[in-house]
């Protein structure tokens, strides 16, 4: 009987070993994907302001901030697109799928906002650009905070923290320009 019990214990131990260790958790989660997709959408929207402001801003301080933002956005977008491609995820969510339903609808730059900016001239242009960018950057910070608290992929969480720090500094700079 002891031999039978020992044999059964040995079989159970071997069966457990054969199953191997549990697979590691996924490298990313839905929050990571949402953060990257929403951030890429914000970058695409912000690029429209950058393109106009690079040509039409009369204030060199606004132009300098616009140049800084444009450069950062391009670098960040390249990283985000590489991660999404590596995860076999689309660069933006299907709007009909409701992938971001329940996350609120942080203000996006609307066609009317961009039309108002395009119609503005001189100091009005700069004030309008600063106003639009203040709201836009605030929303970027909110999306980055969602990633920092709910994301799983460490490099994406680190990027979100860096983006939050940068955007908050840029918001402070814009507030100075708006005063």
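Laid out as a table, the results:
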| quantity | calculated |
| --- | --- |
| Cα-Cα separations in region 50-179 greater than 23 Å, expressed as whole percent | 39 percent |
| Burial order of peptide ranges 154-161, 32-39 (average beta-carbon count within 10 Å, highest first) | 32-39, 154-161 |
| Whole-Å semi-axes of region 114-179's equivalent ellipsoid (Cα gyration tensor) | 29, 12, 7 |
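Throughout, read-outs are computed from the coordinates displayed, never taken from laboratory work. Predicted model only: the values in this text are computed from it and were never measured. In this analysis, Cβ positions are derived from the backbone assuming ideal geometry, glycine residues included, and neighbour counts consider all displayed protein chains.
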